[in-house]
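Worksheet: one structure, shown below.
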Amino acid sequence: MTLFDRAIRAPFAIPEDEKRRELLDALVEVHHLHAAACEPYRRVVTAHWGATPTLATMADLPFLPVSLFKTETLRSVPEAEVVSVVRSSGTTGDRVSQVFLDRATAGRQVAALAAIMRTVLGDRRLPMLIVDARETLADRRSPSARAAGILGLMNFGRDHTFVLDRELELQRDVLDAFLARHPEGPLLIFGFTFLVWSRLIGALGASGADLSRATLIHSGGWKKLEAEKVDNATFRRVAQEVGGIRRIHNFYGMAEQVGSVFLEDTDGRLCAPAFADVIIRDPETLAPLPPGQSGVVQVLSCLPTSYPGHSLLTEDLGVVHEAVAGAEWQGTRFSILGRLPRTQLRGCSDVIAAGVERAP
Amino acid sequence: MTPGLVTAAEAPERLRRLEAQPCAPPGADDTVAFLDRVSQLIRRDPALRSDGELQSLAFHFRRAVVERLAAELRAVPSPNLLRVARGTVFHVPPTNVPTMMVYSWAYAALAGCRSVVRLSPRALDRTTLLLDVLLRAGSGEAGPLARSLFVSYARDGSLNDLFSRHCDLRVIWGGDASIDSIRRSPLHPLARDVVFGDRFSFCVLDVAALVGATDDALDALVARLLGDVLAFDQAACSSPRRVFLLGPAADAGPARQRLSAALRRSPVVQDPVVGRSVRRFSFTATMAARGAVGDVSRDDPRLWLAAGDAFGPDGREHSGEGLLLLDQVETMDTLTRFVRKGDQTMSHWGVDPAVLRDAFPALAAAGLCRCVPVGRSLQFSRHWDGYDLLAEMTRLATVET
């Protein structure tokens, strides 16, 4: 049985040292696959790591910057084998990343996500509330990352109910009707972090709602909530106060590394599943850092074979935590601390030209 | 409100009053004295000692230089020619580097002009510091400060329109996008633009000199090169972004090795800039994917080196923040084929002066503006981007009796 097969059965149960060795082997294999099949990947590796780098540890593995997917076509299978192209959400004004999936990689993505979600949701599909608008799913052939996230999670639910209207306002009647249809048993709520906070929790009003039977899964990052000074602890506290929600699992992932889903366990820390891992690197030297030191997050996953997304340097800052003896879940524990700031513009070149206001 | 700084609301009235002020004669003694006081103030203030930008400014406007410029302004080629101030100058410095405005403002002041300077609220701390220096130097009731208006505003088309319509010369420190934007405000029909737009600068190092130099000589070179590269996070128009290794291809490898070794020895310290290595890597990876860059050395966070094809479509792409792209050329003739309009500074080390002088006409014709020794890339000069700032700030009147 391959690491992947075992990981699918129990993503957080494989002992660390065993996982590390097998994952490294799997990643080296995937690296060679992409070096042979994807010319741009081979060029990046050769330019930065030489033609035949030694790959003795996970930290030796070459990595690509996530931004590369915005400008270059990175594909390791013929175009005819591509079944889906995922686009990243990106920030305003940025180009979008393009990620090419063949049937095999797409299949692994679905299986991986299912395996991880089963650990917190159980085996049966749960009645599912989606904190978004139905209109978000408009483009099926080329879904945005937000749509892809929703579609992926919909596999774990039934009676999928979109609780926001096209203006992203809470439809209270829709929520109440959903709760009336399912008066007993566990529920699933899914949405993007900023929408869950502002359009569900923030919109429930003084009387709140009884969502205590729900498991809330949310993702998308804390950046938009930084301005309001809302962190994970605040989010959890208010979700419980206003909605009675106790089972909350944030997850961290990115469109550029499909299937890599890092789920928050019960102690509020993100955990790497058996087929993925996280390395923190010094922002200046890009050298690997030990647990406890914060730096730039690199994510690794042996899942992507149709495109070279198995080892990526993100633009996020994070820190790996020391392993805790006797922890329920096996896997690297880490936290995301924020984004790297964008360039400070200096020098004579000045790009602030757009948007000059004129009196009418 | 910062002393000396005028708000957008006050600006139209203050402009009216400014225009009632006569210009001064070019090269006036009290202006020379004022600029000298500014220079001395900067050099003597312990709080400003480590401010590279200001110290460069102070050095540029040191007494001997200013006196020479003033003398030149006062002299005319013949008794039938009279040089007078151009009039009102509207200065638009780069948003994040307000120090640049002092250069064009000082030349305008020396020429006797009135000035309106737009300053962005985003760089308020820096602006306050600069104005404080000028005010402390003090220019009296009839001095250059009395003929100047420093206005703080962000994006205000109507103020840009007003100042553009009322000036005789508009000085825009770029880049190209800013120039296009400001040019949406029409000038008075008799007025002109002086523009400092997007420019590209590079460095040429002689391969034989690199291979044959002593370690001490290379250490000195690296110190100067790092000074040129690290200032302004390598984002200034004069910051060298490419290095041409001049000489036989076979010696390029050993030359790069000696340069790298000297870089490793260099004690130059630089404060880290958050995220720059991730951004540099993003750039080198993109270029490598396209086949434009290879052989990237990332060991030294101060300066990354990479081999980069200068003559390909991505030859002028760059990330800034401490990256030099190296290419090899056999002769100056080959290098001349790289140069085009929009290039600015070529810094050099180890190249035979005769070879440089011979090549310079062709380099200049191709588009190059200036050629300086490594270490002086960022030193401002009155001859900048093809302009003679003294001539720009004045006009000539003729008389025949």
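The values are calculated or read from the model by the stated rules, or taken from the named source; none is laboratory data. Please read all numbers here as calculations on a predicted model, not as lab measurements. Here the Cβ is made from the backbone with ideal geometry for all residues, glycine too, and neighbour counts use every protein chain on show.
In the list A:THR71, A:THR46, which residue meets the criterion of being within 11 Å of chain B (Cβ to nearest Cβ), under 24 Å from the mean Cα position of the chain (by Cα) and at pLDDT 90 or above?
A:THR71
Do the conditions hold for B:SER347, that is, is it within 22 Å of B:TYR103 (Cβ to Cβ), in contact (Cβ under 8 Å) with a residue 40 or more places away in the chain, part of a loop (DSSP other than H, G, I, E, B) and in contact with an Asp or Glu (Cβ under 7 Å, 6 or more places away or on another chain)? Spelling it out, it is not the case that B:SER347 is within 22 Å of B:TYR103 (Cβ to Cβ), in contact (Cβ under 8 Å) with a residue 40 or more places away in the chain, part of a loop (DSSP other than H, G, I, E, B) and in contact with an Asp or Glu (Cβ under 7 Å, 6 or more places away or on another chain). Just a yes or no: is a residue in the range B:267-276 farther than 20 Å from B:ALA209 by Cα, out of contact with any helix residue (DSSP H, G or I) (no Cβ under 7 Å at 6 or more places or on another chain) and in contact (Cβ under 8 Å) with a residue 24 or more places away in the chain? Scanning the range B:267-276 turns up at least one residue that is farther than 20 Å from B:ALA209 by Cα, out of contact with any helix residue (DSSP H, G or I) (no Cβ under 7 Å at 6 or more places or on another chain) and in contact (Cβ under 8 Å) with a residue 24 or more places away in the chain. Starting from residues that are among the aliphatic types (A, V, I, L, M) and touching a Phe, Trp or Tyr at 6+ places or on another chain (Cβ under 7 Å), keep the ones in the range B:303-325 and report whichever is surrounded by the most Cβ atoms within 10 Å (Cβ to Cβ). Among those residues, the one meeting the criterion is B:LEU323. In the condition set (1) in contact with a helix residue (DSSP H, G or I) (Cβ under 8 Å, 6 or more places away or on another chain); (2) among the hydrophobic types (A, V, I, L, M, F, W, C); (3) surrounded by 17 or more Cβ atoms within 10 Å (Cβ to Cβ), B:ALA261 is compliant with all but (3). Only one of the numbered conditions (1) surrounded by fewer than 17 Cβ atoms within 10 Å (Cβ to Cβ); (2) assigned to a helix (DSSP H, G or I) is not met by A:ASP267, and that is (2). Taken together, the criteria exclude B:GLY253 from residues that are surrounded by 20 or more Cβ atoms within 10 Å (Cβ to Cβ) and either more than 12 Å from chain A (Cβ to nearest Cβ) or of a type outside the set (S, T, N, Q) (or both).
Of the residues in the range B:112-122, at least one is buried (at least 23 other Cβ atoms within 10 Å of the Cβ) and under 17 Å from B:ALA33 (Cα atoms). Just so you know, in the range A:312-330 the residues that are assigned to a loop (DSSP other than H, G, I, E, B) and of a type outside the set (D, E, K, R) include one that is farthest from A:PHE63 (Cα to Cα), and it is A:GLY326. Here the condition is being surrounded by 15 or more Cβ atoms within 10 Å (Cβ to Cβ), touching a helix residue (DSSP H, G or I) at 6+ places or on another chain (Cβ under 6 Å) and under 21 Å from B:GLY174 (Cα atoms); of B:LEU41, B:LEU54, it holds for B:LEU54 alone. Considering A:LEU312, A:LEU317, A:LEU303, A:LEU289, the condition of being of a type in the set (A, V, I, L, M), out of contact with any Leu (no Cβ under 8 Å at 6 or more places or on another chain) and surrounded by 20 or more Cβ atoms within 10 Å (Cβ to Cβ) is satisfied by A:LEU303 alone. The requirement of being more than 14 Å from every other protein chain (Cβ to nearest Cβ) and out of contact with any Asp or Glu (no Cβ under 6 Å at 6 or more places or on another chain) is not satisfied by A:LEU64. Scan the range B:309-321 for residues that are more than 25 Å from the chain's Cα centre (by Cα) and of a type outside the set (D, E, K, R) and the total you get is 3. Which ones in the range B:156-196 are among the hydroxyl-bearing types (Ser, Thr, Tyr) and either surrounded by fewer than 20 Cβ atoms within 10 Å (Cβ to Cβ) or part of a loop (DSSP other than H, G, I, E, B) (or both)? Of everything in the range B:156-196, those that are among the hydroxyl-bearing types (Ser, Thr, Tyr) and either surrounded by fewer than 20 Cβ atoms within 10 Å (Cβ to Cβ) or part of a loop (DSSP other than H, G, I, E, B) (or both) turn out to be B:SER158, B:SER185. Can you find, within the range A:227-243, the residue that is nearest to A:VAL131 (Cα to Cα) among those that are at pLDDT 90 or above and either aliphatic (A, V, I, L, M) or assigned to a loop (DSSP other than H, G, I, E, B) (or both)? That would be A:ALA239.
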